[in-house]
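**Student:** I am attaching a structure below and will ask some questions about it afterwards.
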Amino acid sequence: MKKLTNTPDEQGKFGQYGGSFLSPELQREIDKVNDCYQRIKNDAEFIAELKYIRKYYQGRPTPITFARNLSAKYGGAAIYLKREDLNHTGAHKLNHCMGEALLAKKMGKKKLIAETGAGQHGVALATAAAYFGMECEIHMGEVDVKKESPNVARMKVLGAKIVVVHEGAKTLKEAVDSAFAAYVKEADTALYAIGSVVGPHPFPVMVRDFQSIVGREAREQFMEISDGRLPDHVVACVGGGSNAMGIFHGFLGDENVQLYGVEPLGRLKTADKNIVGEHAASVAFGKKGILHGFESLLLTDGNGDPAPVYSIASGLDYPSVGPEHALLHEIGRVNYIGANDDEAVAAFYELSKLEGIIPALESAHAVAAATRMAANLPGQTILVNLSGRGDKDMDFVMSLK
Ligand SMILES: *Cc1c(COP(=O)(O)O)cnc(C)c1O
């Protein structure tokens, strides 16, 4: 394992990945965001405000739950869950949305613009906008609008304006393009608030910093319930990679803690063979490339264009991945593995029936990987980041029957 530096360089490079690839006009705006973030991130007042919000609005810290019945079923490792499903709005995304909105407020902005896939980022950002009294405009692919109607309703109730995107595959990738275009026109008064550890510098590091609360809490809580021991394995699902970066950051320095990022294999049976359009496993099958203003591992089609992607979990279907993940993969610090649709749906039911916790289909990928590993790891512990709750997926899962 090569030595790890856990911050990017001044250009926002994580090794050979990351950086910023934008038009000059957009770069000027993003530079302002970066300047402000670098200035404010260690500011005592900013930190205190965020801490207050986390405790009294979001309901943090979220607990760790021992999944007693699930662990007993597999008869090997003890499985624990970090309960981001209990964070306000039902997923980890509010962790970075409140940070981004607070930054926007400090920059004197009046409006937040973003894309959303499953609708979780849109709901979280609309929530943050309501809290801070800001306008909110959410770009969402037509396919996702249909699939995630409860979240669309929530965003509307929260006062956000929804822009439905009809281009291309009509999912997350096209929504990002559309949100970027809208932001360029209104950058004076709006802030673009990306929904994961992706996009141009400083977003990958900024979103990771805001999400690292998950790992900091988890590390302390796990030691508290395990006589000072750390988990042997930490597992999280990876779409853009924000919930995974959040929990991994608590353990990157602990060499004995094995880290696993679980990518969506979609309709593939195994991770051996790439069939374009059937999955969204960017680390497993991606090559170095640029999309949405940053360089990372990118899934491409036969022509070298961003590939169509698919997962049963809308929040995971993105054809690239955060640059820090690409680096962590390259140096071998994190193992990237996969779970397919069928495994995720099975885990969705299993966790619901055995533990009374309905997971998001995204999080169910991590649960599936953990249960697969558990039988071969007697006496060991696995900590799963349960990134969100599955209420939003109920109608869709029932329609599969
Ligand atoms: C959006 C989402 C994800 C995927 O995003 P990451 O940036 O990879 O964390 C995972 N789980 C839930 C519940 C989500 O809403």
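**Student:** State yes or no: is ARG216 of a type in the set (Lys, Arg), modelled with pLDDT of 95 or more and crowded, with 24+ Cβ neighbours inside 10 Å?
**Tutor:** The answer is no for ARG216.
**Student:** Another question, if that's okay. Can you tell me which residue in region 228-249 is nearest to the ligand (Cβ to nearest atom), limited to those that are surrounded by fewer than 24 Cβ atoms within 10 Å (Cβ to Cβ) and part of a loop (DSSP other than H, G, I, E, B)?
**Tutor:** Among them, the one singled out is HIS249.
**Student:** Inside region 177-230, can you point out the residues that are closer than 30 Å to GLN27 by Cβ and of a type in the set (Asp, Glu)?
**Tutor:** Selection gives ASP177, GLU186, ASP188, ASP209.
**Student:** Could you figure out which of (1) within 16 Å of the ligand (Cβ to nearest atom); (2) of a type in the set (Val, Ile, Thr); (3) more than 27 Å from VAL309 (Cα to Cα) isn't true of ILE225?
**Tutor:** Result: ILE225 fails condition (1) only.
**Student:** If you don't mind, another one. Give, as residue ranges, the helices (runs of 4 or more DSSP H) completely inside region 31-139 that count at least 3 residues that are under 24 Å from THR189 (Cα atoms), within 16 Å of the ligand (Cβ to nearest atom) and not polar (S, T, N, Q).
**Tutor:** Working: elements: 44-53, 68-74, 94-106, 120-132.
Result: 94-106, 120-132.
**Student:** Here's something else I'd like to know. Which of (1) touching a Lys or Arg at 6+ places or on another chain (Cβ under 7 Å); (2) modelled with pLDDT of 95 or more is the odd one out, the single condition TYR52 does not satisfy?
**Tutor:** So the condition that TYR52 fails would be (1).
**Student:** Right, here's the next one. Hey, can you tell me all the residues within region 344-385 that are surrounded by fewer than 24 Cβ atoms within 10 Å (Cβ to Cβ) and charged (D, E, K, R)?
**Tutor:** Once the filter is applied, which keeps residues that are surrounded by fewer than 24 Cβ atoms within 10 Å (Cβ to Cβ) and charged (D, E, K, R), region 344-385 yields GLU350, LYS353, GLU355, ARG372.
**Student:** Just give me the residues in region 389-401 being under 20 Å from the mean Cα position of the chain (by Cα) and under 10 Å from ALA364 (Cβ atoms), in sequence order.
**Tutor:** Matches in region 389-401: GLY390, ASP393.
**Student:** Listed residues GLY19, GLY15; which is touching a strand residue (DSSP E or B) at 6+ places or on another chain (Cβ under 9 Å) and surrounded by 15 or more Cβ atoms within 10 Å (Cβ to Cβ)?
**Tutor:** After applying the criteria, what remains is GLY19.
**Student:** Here is a follow-up. Quick one: which strands (runs of 3 or more DSSP E) lie wholly within region 254-340 and hold at least 1 residues that are more than 16 Å from the ligand (Cβ to nearest atom) and within 19 Å of GLY168 (Cα to Cα)?
**Tutor:** Correct list: 287-291.
**Student:** Need the failing condition index for ARG372 against (1) in contact (Cβ under 8 Å) with a residue 40 or more places away in the chain; (2) outside any strand (DSSP E or B), just the number.
**Tutor:** (1)
The values are calculated or read from the model by the stated rules, or taken from the named source; none is laboratory data. Small disclaimer: the values here were computed from a predicted structure and weren't measured. With ideal geometry, Cβ positions are generated from the backbone for all residues, glycine too; neighbour counts draw on all protein chains shown.
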